[in-house]
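Notes for the one structure printed next.
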Amino acid sequence: MKAQKGFTLIELLIVVAIIGILAAIAIPNLLTAVQRSKQKRTMADMRTIATAWEARNTDVNRYNAAGVTVAGIYVPTSGVSSDNLSTYLAPTYVKLLPLYDGWGNPWGLGADQSWGTTAPGQVYAIISYGRDGVPQGTWSGGATTRFECDIIYSNGAFVQYPEGVQQQ
């Protein structure tokens, strides 16, 4: 009689169990890595917009709006839309202005215009409302640990930013 070659049912079940265990470990890490890459892309796009906006400010001496104070820093909250910012910046200061953050949500944009005075506006803010696209309502400033937290870039620095291990 010929010896049959192949795997037994027990061997196949062990292999499937091992693959299942590896998948259970790898998939959450993959999902977290995808969210972290969206955060990093968002932060890079915020720097791109800010660099172009600051270059324009150098030329016209104003950012072109109203705001609030976050952690002791004034952050504008209104008066600028992606459409009019794109008109001001592209293609002179940036080839193509990113209109959405890494999660596909529109930016929160603002600049103070120093209404009623001859002083030009000197403060701007770019805000990503995080994975959920919903404004937090109140900002703590400093480091955040959730993908839903807002990311705020104002006047050359991140006022509120992700840091450390992010929680789902």
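A few points about this structure:
- Matching residues, the stretch 1-21, being among the charged types (D, E, K, R) and not in a helix (DSSP H, G or I): K2, K5
- Of everything in the stretch 27-82 that is closer than 14 Å to Y161 by Cβ and among the small types (G, A, S), the residue that is modelled with the lowest pLDDT is A71.
- Across the stretch 1-46, the number of residues qualifying as over 30 Å from V159 (Cβ atoms) and among the polar types (S, T, N, Q) comes to 2.
- A143 passes every criterion in (1) closer than 14 Å to A52 by Cα; (2) modelled with pLDDT under 90; (3) surrounded by fewer than 18 Cβ atoms within 10 Å (Cβ to Cβ) apart from (1).
- Among residues that are within 18 Å of the chain's Cα centre (by Cα), at pLDDT 70 or above and small (G, A, S), A90 is not included.
The values are calculated or read from the model by the stated rules, or taken from the named source; none is laboratory data. All values reported here derive from a predicted model rather than from experimental measurement. Note: ideal-geometry Cβ built from the backbone for every residue, glycine included; neighbour counts use all protein chains shown.
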